[in-house]
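Enquirer: Below is a structure I'd like to ask you about.
The values are calculated or read from the model by the stated rules, or taken from the named source; none is laboratory data. Here the structure is a predicted model, which is why all the values come from computation and not from measurement. Cβ placement follows ideal geometry from the backbone for every residue including glycine, while neighbour counts extend to all protein chains displayed.
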Amino acid sequence: MRCRPESKVAKCFRSVKCPYQQAQTAHATYGNINYLLVGPENGEVVVCFHGLNGSRMLFNDLGELYSRQCGFRVLSFDLYGHGLSNAPQVDLCPCKGVPSCRCCGTPYARYDLDFFVDQTEELLHFVGLGDSRVNLVGFSLGGSVAVAFARRFPERVRRIVAMSPSGFIPKVPPAYYLLQAFWWCLIPIAPHVLCTCWYKKERFARSLKNEDQDVDEEAIQSLWSRFVWQLYVKRGVARATLAACHRIPWFNLKGLFQEAGRHPRPVLLVWGERDALNPPATVAEEVRQCFSNAQLMLVKNAGHIAICDQPRQVILSILAFLKLPENTRMGATPLATSSLPQPVRVPSSAIAKPSGDKAAGQTNKADRAAQMPVPMVFGHGEMLGDEAEGLSSESTPTHVHL
């Protein structure tokens, strides 16, 4: 992983420590991959994909429960450009397939869906699971990566869980058109135009502590440290994020989903009822119709990041789905968590507290900030409140959360 030496980091940010958990390291084509593989060797494999600007930490509780109590072998990892995985230099060639290598031999990266599928395939071979059939669990961008992997390797995928997958976002922000028009200059200069004054902690805190967002110090510290560390300590994140925003079709992946969806494998779609980025009323049913054997589960009192807002319900429902036979028809199949092996002890950090408990609500906000940082170069107005999930044109007109 490429990081700046301390002498090259702005003085105001030198005290910021790495906010991510170091797990295991795979030495791969585009640099190191931070991953964690847990569970018995003979267990069914579950591969987890986080969202844009997230990390493998999103699946800590899921991996602990599934591997220790339920016999699954869970692989979670940071996508390139995220967490503690390397952020290789961006391939700026407009033509895909043209070799582009650095003088040291490390290839440049395109940061499209095929690039992340290649990373997954290489990592599976590295950990000895190259020939294994797998279950895929993906959130947002990770959901699209999971579907792209299933399209390329249809017979290797047992089941798919896609939590509010990207590729159908109905609202295109103005900044996206700007990026599409001027990507050739915006991507190279991205790290050079990030002014440190934008992310001074006091200013960052004031931007979150407005009348609509009652955010405590723990959540602010967690989110701020991730912004700063990724943008000013780790190298390549700003360019990688812009490249991914440019090259991944966030708004028109219907063809990909339909192609992968022809396979009869069971598919579970998980959606938060309050998801403002991917509104279930207009997006969820369109995604469900792309699959020949899918079931849609709406999660009450949850936004875009349903696995953080209602972790117990989401984790146990996915577990019940993974225990269904591969030939299950999903049309009217209930996900009965009562049929799970007893006792199933859900990690304490994954137990959602009543929404009326203010202290518990603050804890949940801190968890969301810890698991889903959003260091976007477009702005940092990530909404931590339930009612202001995802994209907010009123408070952050140039912010995109995918």
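Enquirer: Condition (residue is in contact with a His (Cβ under 9 Å, 6 or more places away or on another chain), modelled with pLDDT of 95 or more and on the phi > 0 side of the Ramachandran plot) applied to the range 164-182: is it met by at least one residue?
Expert: yes
Enquirer: Would the range 254-262 turn up any residue that is crowded, with 17+ Cβ neighbours inside 10 Å, more than 19 Å from residue 112 (Cβ to Cβ), modelled with pLDDT of 95 or more and in contact with a strand residue (DSSP E or B) (Cβ under 8 Å, 6 or more places away or on another chain)?
Expert: yes
Enquirer: Going through 283, 267 one at a time, which residue ends up being β-branched (Val, Ile, Thr), under 20 Å from the mean Cα position of the chain (by Cα), more than 23 Å from residue 84 (Cα to Cα) and surrounded by 23 or more Cβ atoms within 10 Å (Cβ to Cβ)?
Expert: Unique residue meeting the criteria: 267.
Enquirer: Residue 172 fails exactly one of the following numbered conditions: (1) buried (at least 17 other Cβ atoms within 10 Å of the Cβ); (2) of a type in the set (A, V, I, L, M); (3) not in a helix (DSSP H, G or I). What is the number of that condition?
Expert: Of (1) buried (at least 17 other Cβ atoms within 10 Å of the Cβ); (2) of a type in the set (A, V, I, L, M); (3) not in a helix (DSSP H, G or I), only one is false for residue 172: (1).
Enquirer: State which residue pairs qualify: first residue farther than 17 Å from residue 223 by Cβ and inside the range 1-23, second residue of a type in the set (Gly, Ala, Ser) and part of a strand (DSSP E or B) in any location, beta carbons under 7 Å apart, and separation of 6 or more residues or different chains.
Expert: Within 7 Å, the pairs are 1/31.
Enquirer: For the range 4-51, name all the residues that are among the charged types (D, E, K, R) and either in a strand (DSSP E or B) or within 23 Å of the chain's Cα centre (by Cα) (or both).
Expert: 17, 44
Enquirer: Of (1) assigned to a helix (DSSP H, G or I); (2) more than 16 Å from residue 87 (Cα to Cα); (3) at pLDDT 95 or above, residue 221 satisfies all except one. Which?
Expert: (3)
Enquirer: Are any of the residues in the range 319-332 at pLDDT below 95 and surrounded by 21 or more Cβ atoms within 10 Å (Cβ to Cβ)?
Expert: Among the residues of the range 319-332, at least one is at pLDDT below 95 and surrounded by 21 or more Cβ atoms within 10 Å (Cβ to Cβ), which makes the answer yes.
Enquirer: Given (1) touching a helix residue (DSSP H, G or I) at 6+ places or on another chain (Cβ under 6 Å); (2) at pLDDT below 95, where does residue 304 come up short, assuming only one miss?
Expert: (1)
Enquirer: What number of residues within the range 119-160 are part of a helix (DSSP H, G or I) and under 18 Å from residue 324 (Cβ atoms)?
Expert: Residues in the range 119-160 being part of a helix (DSSP H, G or I) and under 18 Å from residue 324 (Cβ atoms): 2 in total.
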